[in-house]
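> Structure incoming, see below.
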Amino acid sequence: MSLHDPHTLLRRHFGHSSFRPGQEALVRAAMEGRDALGVLPTGGGKSICYQVPALALGGLCLVVTPLISLMEDQVGRATEAGLHAAHLSAGQESTVRREILAKARSGGLQLLFVAPERLVLDGFLESVGAARLRLVAVDEAHCISEWGNDFRPAYREIGRARRRLTAPVLALTATATPRVRDDISHSLGLRDAVRIVGSFDRPNLSWIVRPGGTLRERAAATYDLLRRVRGPAVVYAPTRRAVEEVRDILAGYGVVTEAYHAGLRAEERSRVQGVFMNGRSRVVVATNAFGMGIDKADIRTVIHTGLPGSLESYYQEIGRA
C-alpha cells in the first residue's frame, strides 16, 4: 500500500486497525479535495477526519475551533501522533505568534488551530497564504447555527473567509438536526458536499431520570449517585451561581470537586480542566461551557442538575460519558 494510504496512516500514527463508522468517507473526501459535512457522535473520532488528511496531503490544514482549551488538547494529541501542530491565540506573546506563522509559511506545520475570530482578521489568510493551504476543518460546526448569532458571531463569518480560499472545507460536529446541517452547509458555502451522519445509538450508555426538588435536594441526590458509581464525573448546572452552590455542597460531603464556568479567569479554567483530566479531581461541576472536545476515556457519569436548553444539547453532553 502507498505510504499515503489512509489505512496505512491510521495504523502507523494512531494504532487503529480500522476506521470507525463515517470516518473513512470523510477522510477520503478531504483527500480528494471535496467539501464534506460530518455529524459523528461524541467519542466518534472526529479529529481523525482531519488528522489523517493532514498527514497525507502535505501543506497545511487549518482547524477552526472555538476554545483555547480545545486547541491545546488537540495540539498535544496531534503531536503524539507525529504531526507538526501548533495553535494561535490572543494570549500568546506576539513574538510567539510571529514564529508560529513563519513556521506555517515555511512548511514546518501540518496543523494550525485557530479561533474563528482569527480566521476573519484582515491579513490573516494572506499571512498563511504561502503555506500551501490544503484543507480547512471547522470543528464544533454546530456553533455556526446554535451560537453564531450571539455567542460567537465570527462563526457566521467563516463562509466569507472561505470564499477567498480554494482549499476544501470539512465541517464536523457531534450534534446537528437536519435544519442545522442545512444551515452549516449554507453558511460555509459547501459545494457538492459529502454528507455523513453517523448513528447516535450509544448502547454502552444508560439513562436515568429522577424527579427534582430544590437545588440542594438535587445536589444531595447527585452525591448519592456519585457515592455509588466509581470513576470521574461531570455534573452540569444551569447557571454560574448554581455551579458554585452545587460544588460547595458536594465538597461538604467530602467529594474532591472543582467548579467551571465562563465567569472564571482563563487561567482558572485551564487549571480546573487540567486537574480533572489528570485525575487529581474526580468531579467537575460546570455550566455547558465545559466539555466541548473533552477527550477523557474514563468518565463514567454525567449528571444534569437542571434541564439543558435542547434535546440536542442534552445528547451531546451525556455523550461525554
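> Return one whole number: the accessible area per residue of the chain in Å², for a 1.4 Å probe.
Accessible area per residue, the chain: 47 Å².
> Now a separate question. Report, please, the projected area of the stretch 1-134 averaged over directions, based on the convex hull of its C-alpha atoms, in nm².
8.2 nm²
> In nanometres, what is the gap between the two model label sites at residue 160 and residue 278, each 7 Å from Cα along Cα-to-Cβ?
4.1 nm
> For residue 127 and residue 179, what does the FRET efficiency come to when R0 = 30 Å and r is the distance between their Cβ atoms, rounded to the nearest 0.05?
0.25
> Can you give me the relative contact order of the chain as a percent, contacts being Cα pairs under 8 Å and 6 or more apart?
Averaging sequence separation for qualifying contacts and normalising by length gives 18 percent for the chain.
> Oh, and also: Would you mind telling me the share, in percent, of accessible area of the stretch 255-308 contributed by carbon and sulfur at probe 1.4 angstrom?
49 percent
> With n ≥ 4 as the cut-off for DSSP H runs, can you work out [θ] at 222 nm for the chain, using -39500 (n - 2.57) per run divided by the number of residues, rounded to the nearest 500?
That calculation yields -10500 deg cm²/dmol at 222 nm.
> Pairwise over distinct Cα atoms, reciprocal of the mean inverse distance: report the Kirkwood radius of the stretch 132-263 in Å, one decimal place.
Its Kirkwood hydrodynamic radius stands at 18.3 Å.
> Compactness ratio of the stretch 13-68: Cα Rg over 2.2 N^0.38 Å, N = residue count?
Taking N as the residue count of the stretch 13-68, the ratio is 1.12.
> Protein chains only, probe 1.4 Å: how do 215, 109 rank by accessible area, largest first?
Reading off the accessible areas and sorting them downward yields 215, 109.
> If amide hydrogens are placed 1.01 Å from N in the peptide plane, which non-local residues have theirs closer than 5 Å to the one on residue 137?
Amide H to amide H, under 5 Å and 5 or more residues apart or across chains, residue 137 pairs with 62, 63, 64, 170.
> Next question. Dipole of the chain, Cα-centred, from +1 at each Lys and Arg C-beta and -1 at each Asp and Glu C-beta, to the nearest 20 debye?
320 debye
> Give the range of the longest stretch in the chain that excludes all GluC sites (Glu not before Pro) found in loop regions by DSSP and having at most 15 other beta-carbon atoms within 10 Å.
Free of exposed loop sites, the longest segment is 94-321.
> Assuming R0 = 45 Å, what is the FRET efficiency of residue 98 and residue 201, from their Cβ-Cβ distance, to the nearest 0.05?
Efficiency at R0 = 45 Å is approximately 0.40.
> Okay, next question. If contacts are Cα pairs under 8 angstrom and at least 6 residues apart, what is the relative contact order of the stretch 93-210 in percent?
Here the relative contact order equals 24 percent.
> Whenever you get a sec, line up 179, 97 from highest to lowest accessible area (probe 1.4 Å, protein heavy atoms).
Of 179, 97, the descending order of accessible area is 179, 97.
> Moving on. Which of these values of Rg/Rh (Cα atoms, Kirkwood Rh) was calculated from the structure shown: (i) 1.01; (ii) 1.03; (iii) 0.98?
Recomputing Rg/Rh (Cα atoms, Kirkwood Rh) here gives the entry labelled (iii).
> Which trypsin sites (Lys or Arg not before Pro) from the stretch 225-286 combine a DSSP loop assignment with at most 13 other Cβ atoms within 10 Å?
Taking the stretch 225-286 and a limit of 13 other Cβ atoms within 10 Å, the loop trypsin sites (Lys or Arg not before Pro) found are 230, 265, 280.
> Compute the Rg/Rh shape ratio of the stretch 192-292: radius of gyration over Kirkwood radius, all on alpha-carbon atoms.
Answer for the stretch 192-292: 1.05.
> Restrict the search to the stretch 221-321; then list the chymotrypsin sites (Phe, Trp or Tyr not before Pro) that DSSP places in a loop and that have at most 15 other Cβ atoms within 10 Å of their Cβ.
The qualifying sites are 253.
The values are calculated or read from the model by the stated rules, or taken from the named source; none is laboratory data. Fair warning: this is a prediction, and the values are worked out from it, not measured in the lab. Glycine gets a Cβ as well: all are built from the backbone with ideal geometry, and neighbour counts include every protein chain shown. The area values use the complete protein model at the heavy-atom level, side chains included, leaving out ligands, DNA and RNA. Shrake-Rupley method; radii C 1.70, N 1.55, O 1.52, S 1.80 Å.
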